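To start, the structure under review is shown below, and the notes come after it.
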Amino acid sequence: MVPTANEEITPELKGKEAELYWPDDDKWYRCEMTSINTRNKTAKVLYSTGETEELSLMELLADGHIALFD
């Protein structure tokens, strides 16, 4: 399930595995959502490389650049 609306961005996304698409690289990168900020609609993600980053879930959703694993 990929969230499609603000009300679907919930704390339950924490710990979910996902792939994020980066158009500049034309690649999908696997990551885990380590924290979710429901007020700001952001997620802190941990990539398989060990790098972390905080991203706007709304931007990722609007651009179709996120795929969640069940």
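The values are calculated or read from the model by the stated rules, or taken from the named source; none is laboratory data. Remember, predicted model here, so these are calculated numbers, not experimental data. Note that each Cβ is placed from the backbone with ideal geometry, even for glycine, and that neighbours are counted across all protein chains shown. Note: accessible area is taken over every heavy atom of the protein model, side chains too, but ligands, DNA and RNA are not part of it. Shrake-Rupley method; radii C 1.70, N 1.55, O 1.52, S 1.80 Å.
Applying a DSSP loop filter and a limit of 13 other Cβ atoms within 10 Å to the chymotrypsin sites (Phe, Trp or Tyr not before Pro) in the chain leaves 69.
When the surface is traced with a 1.4 Å probe over the full set of protein chains, residue 61 keeps roughly 40 Å² accessible. Among 41, 14, 27, the residue with the largest mean-square fluctuation in a Gaussian network model of the chain, with springs joining Cα atoms closer than 10 Å, is 27.
The simple spin-label model puts a point 7 Å past each Cα toward its Cβ; for residue 21 and residue 52 those points are separated by 2.8 nm. Restricting attention to the chain, lysine pairs at least eight places apart or on different chains and with alpha-carbon atoms under 19 angstrom apart total 4.
Directionally averaged projected area (the chain, Cα convex hull): 4.3 nm². Residue 34 sits with roughly 40 Å² accessible to a 1.4 Å probe, with DNA, RNA and ligands left out of the calculation.
What the chain shows is 66 Å² of accessible area per residue, with the surface traced by a 1.4 Å probe over protein heavy atoms.
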